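For reference, the structure discussed in these notes is given below.
The values are calculated or read from the model by the stated rules, or taken from the named source; none is laboratory data. None of these values were measured; they are calculated from a predicted model. Using ideal geometry, Cβ is built from the backbone for each residue, glycine included, and neighbour counts are taken over all protein chains shown.
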Amino acid sequence: MTITVRGSSGDYRIRPLEPGEERAAFEVLGRALHRTVTDEYWARREGSFPAERRFGAFASGEPVGVTGSFATRLAVPGGKALPAAAVDGVAVRADHTRRGVLTALMAAQLADCARRGDVLAVLHASEATIYGRFGYGIASRGQSLRVAGASFRADAPSGGEVRLLGTAEAQELVPRLYAEMGLSRAGMIERREVWWSYARERLIGEHQVAVHSGPRGDDGFVLYRTEDLRTFDQPNLGAALTVGDLHAADTAAVAGLWRFLLRVDLVSEVRAPGRPLDDPLAAMLTDPRACAVTGLDDESWLRLVDVPAALAAREWGPGEPVVVEVADPQLPANSGRYRITPGGAEATTGAADLRTGPETLAMLYLGDRPPSALAAAGRLEVLNPAALPHADTLFATRVTPWCGTPF
Ligand SMILES: CC(C)(COP(=O)(O)OP(=O)(O)OC[C@H]1O[C@@H](n2cnc3c(N)ncnc32)[C@H](O)[C@@H]1OP(=O)(O)O)[C@@H](O)C(=O)NCCC(=O)NCCS
């Protein structure tokens, strides 16, 4: 399948990448991200950048734009994990931007995801102004924490052991432990081999790895690295310890891992970017201000590729039925009205209470924000005001959504 897009200075051919074209496409990505692709770097990345599920935009036979995805499953409220495309490696060469190349690539990719049966697509955005126009919405957010001078309250969970692993052991154990712990929050994704093929080396190889064991065995891990902060003027500053990845089966394991991190010698502060908004650490400290929030960012961007399947699969809260009308010009099969009840969601011809597009629907879907907040912000059209409180309770979730996997 090849689509030709007319540009002001020539045509672009949009088509699936073919085996053998991976490196040239990866160079497009490298240049756009201001990174030199050496032979050595490509050797490390090759396994995570297969031609499969990847599209290129070609000008005069040369790739100048690329997008791709890997297959995964994404947890939705209620615990089901749905087939999803984790979109990565999106770039257009600087001398071909703002001519509609990404728009054409996104259209080809979304159509392909729909054909493959992906119910959702998910990505992390380099800039927050790019993906809304393609129906992606912020579905989870992350906060950056800086922890210094912290001590635990007497009633905080305690117990368990933490041990540091060697690299080889960590490369085997961490992927297995992540899989065994399961997708405990809406927004989390399965980490398949194509993801681990690079992350095993980069994430694990470049970090210290500590594992927590509770009464039922290993139940959490943290990857961290340190950076010396000492200067000539401030020789006693110590190091900053930065958390690269932290997943645990329960709050007791989270507490055990944090107790360990906060005890590492010669460290003056612990930085933890991208933690879930309901991270329990501050509530476990004697001085909650010892855990400062230094940033709040969008985390995962979601696109409902198959709206009826996505709405039918998630759990709904209590409330009177609400009919949501969705207009999705890019994937017209999604357009229609959906009656949402505590028992499920299905297409209807009944009158609509709320009307929206795919971006806002994605912002609501995992429960990150209530419909009333998005309606107040002008993102959701309210046709029947009496339905709004019911929409709030129907869409509400018990656990804050979070992806927690970089890609
Ligand atoms: C982001 C990127 C892929 C956009 O590619 P592009 O081919 O220029 O995008 P398009 O021409 O299809 O743009 C479509 C629309 O989005 C807008 N847009 C695209 N990128 C934008 C950006 N970074 N900031 C603001 N608006 C942007 C365009 O202005 C255009 O708006 P319009 O439809 O109102 O005219 C490209 O700029 C790039 O490679 N950036 C560096 C790498 C990167 O950030 N990749 C994304 C990783 S998540």
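Per-residue answers, yes or no, for (1) modelled with pLDDT of 95 or more; (2) surrounded by 15 or more Cβ atoms within 10 Å (Cβ to Cβ); (3) within 25 Å of the chain's Cα centre (by Cα):
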{"site": "Arg369", "(1), (2), (3)": "yes, yes, yes"}
{"site": "Ala377", "(1), (2), (3)": "yes, no, yes"}
{"site": "Pro385", "(1), (2), (3)": "yes, no, no"}
{"site": "Pro389", "(1), (2), (3)": "yes, yes, no"}
{"site": "Pro401", "(1), (2), (3)": "yes, yes, yes"}
{"site": "Thr405", "(1), (2), (3)": "yes, yes, yes"}
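Taking the stretch 113-186 as the region of interest, the strands (runs of 3 or more DSSP E) fully inside it that hold 3 or more residues being in contact (Cβ under 8 Å) with a residue 60 or more places away in the chain are 120-123, 137-147. Taking the stretch 105-137 as the range and being more than 23 Å from Arg53 (Cα to Cα) and either more than 15 Å from the ligand (Cβ to nearest atom) or in contact with an Asp or Glu (Cβ under 8 Å, 6 or more places away or on another chain) (or both) as the test, only Ala128 passes. For Thr97, the test of being within 8 Å of the ligand (Cβ to nearest atom), surrounded by fewer than 22 Cβ atoms within 10 Å (Cβ to Cβ), at pLDDT 95 or above and assigned by TED's automatic domain parsing to the domain that holds Glu52 is passed.
Between Asp250, Asp233, Asp298, the distinction of being at pLDDT below 95 and either among the acidic types (Asp, Glu) or under 22 Å from the mean Cα position of the chain (by Cα) (or both) belongs to Asp233 only.
Among the residues in the stretch 46-61, are any in contact with a His (Cβ under 8 Å, 6 or more places away or on another chain), within 15 Å of the ligand (Cβ to nearest atom), in the same structural domain as Val90 (by TED's automatic domain parsing) and within 13 Å of His96 (Cβ to Cβ)?
So in the stretch 46-61, the residues in contact with a His (Cβ under 8 Å, 6 or more places away or on another chain) come out as 57, 59.
Now restrict to residues that are within 15 Å of the ligand (Cβ to nearest atom): 57, 59.
With the extra rule that they be in the same structural domain as Val90 (by TED's automatic domain parsing), the set shrinks to 57, 59.
Okay, now just the ones that are also within 13 Å of His96 (Cβ to Cβ), so 57, 59.
The answer is yes, given that some residue of the stretch 46-61 is in contact with a His (Cβ under 8 Å, 6 or more places away or on another chain), within 15 Å of the ligand (Cβ to nearest atom), in the same structural domain as Val90 (by TED's automatic domain parsing) and within 13 Å of His96 (Cβ to Cβ).
Considering the stretch 350-407 alone, what residues qualify as being of a type outside the set (D, E, K, R) and part of a strand (DSSP E or B)? Leu354, Thr356, Val382, listed by residue number.
For Gln109, all conditions in the list (1) part of a loop (DSSP other than H, G, I, E, B); (2) buried (at least 21 other Cβ atoms within 10 Å of the Cβ) hold save one; what is the number of the exception? Result: Gln109 fails condition (1) only.
If you scan the stretch 330-341, which residues turn out to be within 29 Å of Met106 (Cβ to Cβ) and in contact with a Gly (Cβ under 8 Å, 6 or more places away or on another chain)?
Gln330, Leu331, Arg337, listed by residue number.
Of all residues assigned to the stretch 248-265, at least one qualifies as being part of a strand (DSSP E or B) and either under 20 Å from Val147 (Cα atoms) or in contact with a strand residue (DSSP E or B) (Cβ under 8 Å, 6 or more places away or on another chain) (or both). The residue of the stretch 270-295 that is farthest from Asp250 (Cα to Cα), among those that are charged (D, E, K, R) and either at pLDDT below 95 or crowded, with 19+ Cβ neighbours inside 10 Å (or both), is Arg275. Number of residues in the stretch 111-155 that are β-branched (Val, Ile, Thr) and closer than 21 Å to Ile189 by Cβ equals 4.
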